[in-house]
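The values are calculated or read from the model by the stated rules, or taken from the named source; none is laboratory data. Only a predicted model underlies this, so the values are computations on that prediction, with no experimental measurement involved. Don't worry about glycine lacking a Cβ; one is built from the backbone with ideal geometry, like all the others, and counts go over all protein chains shown. SASA here: full protein model, heavy atoms, side chains in, ligands and nucleic acids out. Shrake-Rupley method; radii C 1.70, N 1.55, O 1.52, S 1.80 Å.
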Amino acid sequence: MTDHCVDVLIIGGGVGGLTLAQWLTGLGRSWRIVEREAYLGGPLAHSQYVLKWIPGWPAVSGRDYMAAILAGIDTTHCELSCELTQIEIDGIEQAWRCQLSNGRTMLAKKLVFACGAAPVSPFAAAERVIVGPGLQKIAHLQTGDRVLVLGGGDNAAEHALILQEMGCSVVMLVRSQLRASAVLAQQLQAAQIDFRVHGDELPLNVSVSGIELFGEFYDYAAVYYGYQPSKAITDFPVLYGLDQQISRDVFILGDMTGPAYPNILLTQGQAAVVAKQIDHVLSGDGMRTRHCTDLALGEWS
Ligand SMILES: Cc1cc2nc3c(=O)[nH]c(=O)nc-3n(C[C@H](O)[C@H](O)[C@H](O)COP(=O)(O)OP(=O)(O)OC[C@H]3O[C@@H](n4cnc5c(N)ncnc54)[C@H](O)[C@@H]3O)c2cc1C
């Protein structure tokens with residue numbers, strides 16, 4: 001049974017998907033979001049980080065920024081705890097027939113993937129292994145916990161500082177050299193973070209009771225090795241590294257397009273561009289549902 005027919009099915013309800021939805025609403029287009037998690041907003045939804053990279057914006061937390069975006073969204077158009085499981089072309093309807101994991105089927109003229117990025121790690125997340133940034137992930141650590149921070153970029157540096165501030169005993173381990181920006185490198189030095197180089201070998205022994213490395217023991221390992229585009233959609237491996245529009249009917253945006261520098265502004269800009277491209281294509285297709293307010297009187301004849 002087909003429940004809905006929409007102009008655009010958006011897969012991923014983070015910054016990119018939600019911003020796109022807002023633009024599409026403004027352009028008079030119908031949309032539906034499919035979000036894997038039980039909540040909207042992606043990683044920023046619970047982040048207490050104060051965002052510092054949005055020029056002209058007062059410093060707000062990721063959570064606050066996301067709340068402002070969500071305030072403009074009709075969340076009844078969002079399928080939560082849901083994934084796209086299968087798609088096929090419906091030749092008669094000239095649309096994608098999409099099967100969702102909640103049993104619904106949906107017809108969509110355009111698909112947009114906005115699934116974000118996943119942290120890179122050779123170690124799976126576990127009770128003692130924290131993978132990727134996010135304050136909520138380290139919130140349960142306590143004063144005196146010995147934490148091995150793996151990685152030498154900005155995220156690793158920032159978390160090493162935060163963990164030390166929390167009273168943890170931090171050892172920061174990089175393969176060859178620190179790559180964090182100068183301002184963070186200076187802060188690491190000032191905080192006297194224990195900083196070591198491990199070379200090519202990293203014989204980490206993870207057990208339920210702790211972490212062992214080079215004969216030393218830690219309570220937790222926290223891995224900050226960067227991001228890669230989400231590969232959640234196995235049917236679309238070709239998405240990796242491609243441009244925003246991969247066909248007339250399928251688009252990607254946000255961190256999925258190349259998250260070397262994951263960035264809210266870029267993601268929101270891409271969402272605006274994708275919305276306008278879709279509007280343009282749909283107008284050309286003659287598939288737009290026209291509202292009387294869109295039309296000059298003469299066009300009714
Ligand atoms: C802790 C932290 C702090 C940050 N701070 C800043 C900052 O200060 N300034 C800045 O510019 N950027 C910051 N970023 C980066 C910024 O959050 C990202 O660039 C931005 O969120 C990318 O938006 P997106 O929509 O591409 O992905 P996301 O916001 O990650 O959203 C992707 C969504 O897709 C969902 N999803 C994934 N796979 C599927 C699937 N198969 N089916 C359905 N849904 C799926 C996810 O659950 C998620 O909700 C930060 C990121 C983090 C993690």
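Please give, to one decimal in nm, the separation of the simple spin-label points placed at Ala118 and Asn205, each 7 Å out from Cα toward the Cβ.
2.9
Give, in nm to one decimal, the length gained when the segment between His198 and His280 is fully stretched (0.36 nm per residue of separation minus the Cα-Cα distance).
24.2 nm
Through the Karplus equation 6.51 cos²θ - 1.76 cosθ + 1.60, θ set to phi - 60°, convert the phi angles of segment 205-217 into ³J(HN,Hα) values in whole Hz; use x for Gly and Pro.
Ordered by residue, 3J(HN,Hα) equals 9, 9, 9, 5, 8, x, 10, 10, 8, 6, x, 10, 10 Hz.
For a quick check: with amide H placed at 1.01 Å from N, whose amide H comes under 5 Å from Phe251's, ignoring anything fewer than 5 positions away on the same chain?
Correct list: Leu111, Val112, Phe113, Ile246.
Compute the distribution of all C-alpha to C-alpha distances in the chain, in bins of 10 Å from 0, and list the percent of pairs in each, rounded to whole numbers.
6, 24, 28, 21, 13, 6, 2, 0, 0
Apply the Karplus curve 6.51 cos²θ - 1.76 cosθ + 1.60, θ = phi - 60°, to the phi angles in segment 111-121 and return the couplings in whole Hz, x for Gly and Pro.
After applying 6.51 cos²θ - 1.76 cosθ + 1.60, I find 10, 10, 9, 9, 8, x, 10, 10, x, 7, 6 Hz.
What does the convex hull of the Cα atoms come to per residue for segment 121-223, in Å³? List each step's numbers first, then the result.
On the way: hull volume 9.5 nm³, N = 103.
For segment 121-223, the hull spanned by Cα atoms encloses 92 Å³ per residue.
Determine the shape class of segment 95-170: with a ≥ b ≥ c the square roots of the Cα gyration tensor eigenvalues, call it rounded for a/c under 1.5, and otherwise prolate if a/b is greater than b/c, oblate otherwise.
Prolate, because a/c is 1.5 or more and a/b exceeds b/c.
Which chymotrypsin sites (Phe, Trp or Tyr not before Pro) in segment 11-86 pass both tests, a DSSP loop state and at most 11 other beta-carbon atoms within 10 Å?
For chymotrypsin sites (Phe, Trp or Tyr not before Pro) across segment 11-86 that sit outside H, G, I, E and B with at most 11 neighbouring Cβ atoms in 10 Å, the list reads Trp53.
Note down the nm distance, to one decimal, between modelled labels 7 Å out along Cα→Cβ at Lys52 and at Phe217.
If labels sit at Lys52 and Phe217, their model points lie 3.6 nm apart.
Relative to the compact globular guide of 2.2 N^0.38 Å, what is the alpha carbon radius of gyration of segment 137-186, as a ratio?
That ratio works out to 1.10.
Explain nothing, just the number: dipole magnitude of the chain about its Cα centre with +1 on each Lys and Arg Cβ and -1 on each Asp and Glu Cβ, in debye rounded to the nearest 20.
340
Separation between the Gln186 and Thr25 pseudo-spin-labels, each 7 Å from Cα along Cα→Cβ, expressed in nm?
4.3
Can you give the relative contact order of the chain as a percent, counting alpha carbon pairs under 8 Å and 6+ residues apart?
This gives 19 percent for the chain.
Gln99 to Cys5: extension gain in nm, 0.36 nm per residue of separation minus the Cα-Cα distance?
32.6 nm
What is the P(r) of segment 1-68, as percent of Cα-Cα pairs per 10 Å bin from 0?
Bins of 10 Å from zero give 20, 41, 29, 9, 1 percent of pairs.
Could you rank the peptides 130-142, 156-168 by their average count of other C-beta atoms within 10 Å per residue, with the highest value first?
Result, highest mean Cβ count within 10 Å first: 156-168, 130-142.
Around Gly151, under 12 Å between beta carbons, what's the net of Lys plus Arg minus Asp minus Glu among the other residues? Please report the intermediate quantities before stating the final value.
Details: positive: Arg175, Arg179; negative: Asp154, Glu158.
That works out to 0.
Quick check: at a probe of 1.4 Å, how many percent of the accessible area of segment 121-223 sits on carbon and sulfur atoms?
About 49 percent, which is the carbon plus sulfur part of the accessible surface.
Tell me the mean residue ellipticity at 222 nm calculated for the chain from its helices only (DSSP H runs of n ≥ 4, each -39500 (n - 2.57), averaged over every residue, nearest 500).
Taking each H run of at least 4 residues, the total per residue is -7000 deg cm²/dmol.
Would you please put 170-177, 111-118, 195-202 in order of how densely packed they are, using the mean number of other Cβ atoms within 10 angstrom per residue and starting with the highest?
Details: 170-177: 17.6, 111-118: 25.6, 195-202: 11.2.
Most protected by this proxy first, the peptides run 111-118, 170-177, 195-202.
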